[in-house]
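The values are calculated or read from the model by the stated rules, or taken from the named source; none is laboratory data. Given the structure is predicted, the values throughout are model-derived calculations rather than measurements. All Cβ positions, glycine included, derive from the backbone under ideal geometry; neighbour counts span all protein chains shown.
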């Protein structure tokens with residue numbers, strides 16, 4: 001297991017960097033990589049989640065310093081998002097872990113397609129901001145349920161939904177997504193711990209790599225054109241998602 005744990009550290013580092021770079025916890029992307037290392041699916045689903053808490057907090061703090069966290073969206077995302085996450089996490093008791101891994105792979109692919117299909121915009125352009133609390137709650141509930149079911153912090157859905165549904169600019173969406181994800185990861189972590197889904201050795205190894213690299217990713221994102229980064233990330237997700245989906249059948 002020593003070699004596997006060393007590889008888990010490397011996976012955590014890469015995921016942490018990408019999470020800070022694009023306002024996502026990164027646990028959804030981590031799951032298939034961990035499965036490829038021979039880690040049981042249910043452990044691969046849950047292990048990245050605890051590391052999301054310190055990793056996203058570190059990255060979110062860099063956005064906070066530049067005023068790029070929308071406090072209204074943050075508050076109204078957490079109120080319904082936390083119970084929705086708990087419900088989704090509890091539901092994993094009756095859903096096969098391998099099926100959840102496949103769902104994760106499909107989500108990665110679909111998110112990449114969406115990023116490539118949506119024209120990138122400069123931060124200053126944005127779209128009209130529509131901070132309807134009903135819309136914020138809707139985004140939070142959908143994301144919370146998905147986060148609980150897929151054992152992640154929801155960041156892979158939060159940032160693009162904040163842009164598409166609420167009209168936030170790219171960087172405020174990233175910063176707010178990281179802040180929301182850092183809190184929403186906590187209830188899911190507690191539920192999966194109670195259900196016995198966490199392997200503490202894998203959790204620690206993943207955290208060692210992901211936490212410091214999350215801050216570096218956020219620093220790079222804040223000094224780089226976010227639209228260009230998102231297009232590149234979208235292409236990478238399409239390639240990885242397709243590989244993960246097709247891989248087991250080859």
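Would you call residue 47 closer than 21 Å to residue 170 by Cα, in contact (Cβ under 8 Å) with a residue 60 or more places away in the chain, surrounded by 24 or more Cβ atoms within 10 Å (Cβ to Cβ) and within 15 Å of the chain's Cα centre (by Cα)?
Numbers: closer than 21 Å to residue 170 by Cα: no; in contact (Cβ under 8 Å) with a residue 60 or more places away in the chain: yes; surrounded by 24 or more Cβ atoms within 10 Å (Cβ to Cβ): yes; within 15 Å of the chain's Cα centre (by Cα): yes.
No; evaluated as a whole, the condition is false for this residue.
Sort out which residues of the stretch 127-147 are surrounded by fewer than 16 Cβ atoms within 10 Å (Cβ to Cβ) and either part of a helix (DSSP H, G or I) or modelled with pLDDT under 70 (or both), and write them in order of number.
127, 128, 129, 130, 131, 133, 134, 138
Cβ-Cβ distance below 8 Å, separation of 6 or more or different chains: which pairs start in the stretch 52-71 with a residue that is free of Cβ contacts under 8 Å to residues at least 12 places away in the same chain and end on one that is assigned to a helix (DSSP H, G or I) and buried (at least 21 other Cβ atoms within 10 Å of the Cβ)?
none
Looking only at helices (runs of 4 or more DSSP H) that lie completely in the stretch 148-250, which have at least 3 residues being under 13 Å from the mean Cα position of the chain (by Cα) and either buried (at least 23 other Cβ atoms within 10 Å of the Cβ) or at pLDDT below 85 (or both)? Lay out the reasoning, then the answer.
Numbers: elements: 155-164, 170-194, 200-222, 226-246.
Those helices (runs of 4 or more DSSP H) span 155-164, 170-194.
So which residues in the stretch 58-73 are crowded, with 19+ Cβ neighbours inside 10 Å and part of a helix (DSSP H, G or I), if there are any at all? Working first, answer last.
Taking the stretch 58-73 as the starting set, the residues that turn out to be crowded, with 19+ Cβ neighbours inside 10 Å are 58-60, 62-63, 68-70, 73.
Within the stretch 58-73, 58, 59, 60, 62, 63, 73 qualify.
Which of the residues belonging to the stretch 1-13 are assigned to a helix (DSSP H, G or I) and at pLDDT below 90?
We begin by selecting, within the stretch 1-13, every residue assigned to a helix (DSSP H, G or I); these are 2-13.
Residues satisfying the conditions are 2, 3, 4, 5, 6.
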